[in-house]
Structures are given as structure tokens and as C-alpha cells.
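Take a look at the structure set out below.
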Amino acid sequence: MADAVMSPCSGDTRIAVRTTPGEPGVCVAVRAPAKLNISLSVGLRRPDGYHSLRSLMVPLSLADELEISPGGRGVELSVQGPRAGQTPAGPENLVVRAGEALARRTGRAIGVRVRLTKRIPVGGGLAGGSADAAATLLGLNAAFELGLPLDELSAVAAELGSDVPFCLYGRPAWVEGRGELIAPFDGRLPELWAVLIFPPVSVSTAAVYAKLDALRAAGEPVDGPRTRVGGLELFNDLHKAALAVEPSLARVCEQVGQASGDPTVLVAGSGATLFALFDKKDHATEWERRIGARLKCSAMTTAVWCG
Ligand code: C5P
């Protein structure tokens, strides 16, 4: 696979720029879509502690929203929306860290107020924090007219986390390396809908990767379920490890299986979100209704964004 392939960020439909007559600067609204791993192969642990990956990743309609306006010192973050209660608004938030990383990279003093509407669950394996970080990089690049091309933003993104370069790219892609090598998905994806199930737990990504190493070292089978939807192969090498780290996920998978034998349910990324994929919207919504009546956790149907 080639190095990161990035399109220029002008014309990005995720960004809307607003100027107000008589007021200095521009306000920027950026959509930050969640991601889903359709397939995820995980290699052995590398000397730097990360694992080599090969994953088909897609953005979802489920998205956070950022409104960025110039002013203040550094990044002043406020969080609202259905997942605000789970989201730290301090210096540990990836929005703040993305602003600081971009200021270091460009040598510019960046003073902004960011209003984050949080809808993507935290610690859910849907790259919510990474999506917000990528949206911050795109938004600040536009608001301050920094003119950084996407491959330069991607280098900053990779410092912030393994999923941030994909979130910056924002379209279906094959992802390799530890997450920083992006190649566009070379084909047309069919229309796809994901039913996301949100067990009321969150899972540490590092703990799931460590469990995968431990299972492999012990010679345990680590293969999770496999299935095909819309001509795509679905599997996740982290599935079994996530269930081993958080056994309540295995119980939710069992309950889903009892409520409806089909389709196969997989862990999203490193979890804790579970998902099933459909190529017909009414099948997805009907399945969501059927399992929703039996499960204690919430669920939603969201479209895969095919680009
Ligand atoms: O890069 P990020 O901070 O999202 O990664 C969180 C943790 O997940 C890492 O510290 C590492 O333990 C694990 N990880 C990994 N290999 C990857 C991505 C993440 O081992 N390719």
C-alpha cells in the first residue's frame, strides 16, 4: 500500500464557513462522523507497542458537531448534547489537544471557542474523540486560513491518535500501519445501514489490544464471527478480546442471538458498541425494533456514508 493518499480539503462537505458582516474572523461548523470497522485484521505487537492493522473503515451518519469561533485564549471548549455527561471538557479532551498540536505545528497563537455537540458514545469503539480531533484540525485550518494540505494535517492527526488520520480523510478507506496509512476504497460500496447497540459500559482500547496479545500468547483461538453483507466481508480480530475484557458484552451478544438468530453481531473497533450491518434500511429498522424490545441497552440505526 502507498503512503497516505489525501484529497485537498477545499470543497469538503463536512465544513461550513460563516462570516458575519461587521465582525472580524469567521465561524466554522464542522461535522465529525463516527467510524465503523467493516473488517479489522490485527497483526502482532510492534516494537513501538502498537499493532499493524488492515481495516476497511467507513464513516457513519452518526456524528458530533463542532462550532468554532475565534476569540479567547487557546481552545475554550464547551460540551452539550446527549453524550455531554460522559465527555471531559478539560485539557485531556482531544479537541483541546488538537488545537494545541496545530498551534505548535504552525507557530500561530490560536484562540478559539469550540462548542461541541456530543452524540457519539465515549469509549464506544466508534472513534468519537478522534472524529472531534480531526474536525478541530479541519475547522481551525479553515477558520485561520492556515492553508495546510490534508497530508500535513494528517501528520498532526497521527500524533493525536491512531484513528484520527482516517477521521480526517472522512470517506471509506483501507487503513494500514497503526492507522496512519490511508488508501481510498477502490470501488463503490452498496447502500449500508448499521444497527448500533450501546451496552452501558466503556472499554479501554489498550486493554483490548493487550488481551489479544495475551490470548495469542496462551495459544487461545482468537477468531471472532465472520459474515458477508453487500458483498463485503465482516470480521473483527478484536471481537473475542473485547468480550474477554468486558464479559457483559458476551451476555448482550447472547441476548441478541436469542431475540434474533440473524444477523451476526460484532464488536465495533475495540468496543463497547456492538453492531450488525444491513443492505436494506427497512431490514435494519425492523431488526432494531425487534431486539430493542428484548434488550436493556439502547440501539439506533444509522447509515454508512459511502462518499
Ligand atoms: O493511538 P491510540 O491512542 O488511539 O491507541 C490507544 C491504544 O490502543 C494504544 O496505546 C495501543 O495500546 C493500542 N493500539 C495498538 N495498535 C494500534 C492502535 C492502537 O496497539 N494500531
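Tabulated values for the structure
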{"read-out": "Failed item, numbered, when A133 is tested on (1) buried (at least 21 other Cβ atoms within 10 Å of the Cβ); (2) touching an Asp or Glu at 6+ places or on another chain (Cβ under 8 Å)", "value": "(2)"}
{"read-out": "Residue count for the stretch 167-183, restricted to those that are touching a helix residue (DSSP H, G or I) at 6+ places or on another chain (Cβ under 8 Å), near the ligand (Cβ under 10 Å from one of its atoms) and not in a loop (DSSP other than H, G, I, E, B)", "value": "1"}
{"read-out": "Enumeration of residues in the stretch 232-254 that are surrounded by 18 or more Cβ atoms within 10 Å (Cβ to Cβ) and assigned to a helix (DSSP H, G or I)", "value": "H239, K240, A241, A242, L243, A244, V245, L249, V252, C253"}
{"read-out": "Condition broken by A272, with the remaining ones in (1) away from the ligand (no atom under 16 Å from the Cβ); (2) modelled with pLDDT of 95 or more; (3) touching a Pro at 6+ places or on another chain (Cβ under 8 Å) satisfied", "value": "(1)"}
{"read-out": "Test for A155: is it surrounded by fewer than 20 Cβ atoms within 10 Å (Cβ to Cβ), within 16 Å of the ligand (Cβ to nearest atom), over 26 Å from C306 (Cβ atoms) and hydrophobic (A, V, I, L, M, F, W, C)", "value": "yes"}
{"read-out": "Meets criteria (among the acidic types (D, E), away from the ligand (no atom under 14 Å from the Cβ) and either assigned to a strand (DSSP E or B) or over 23 Å from V252 (Cβ atoms) (or both)) for E220", "value": "no"}
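Per-residue answers, yes or no, for (1) surrounded by fewer than 17 Cβ atoms within 10 Å (Cβ to Cβ); (2) of a type in the set (V, I, T); (3) modelled with pLDDT under 95:
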{"residue": "H51", "(1), (2), (3)": "no, no, no"}
{"residue": "A63", "(1), (2), (3)": "no, no, no"}
{"residue": "V79", "(1), (2), (3)": "no, yes, no"}
{"residue": "G99", "(1), (2), (3)": "no, no, no"}
{"residue": "R108", "(1), (2), (3)": "yes, no, yes"}
{"residue": "I120", "(1), (2), (3)": "no, yes, no"}
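The values are calculated or read from the model by the stated rules, or taken from the named source; none is laboratory data. What you see is a predicted model, and the numbers here were worked out from it, not measured in a lab. All Cβ positions, even for glycine, are placed from backbone atoms using ideal geometry, and neighbour counts span all protein chains on display.
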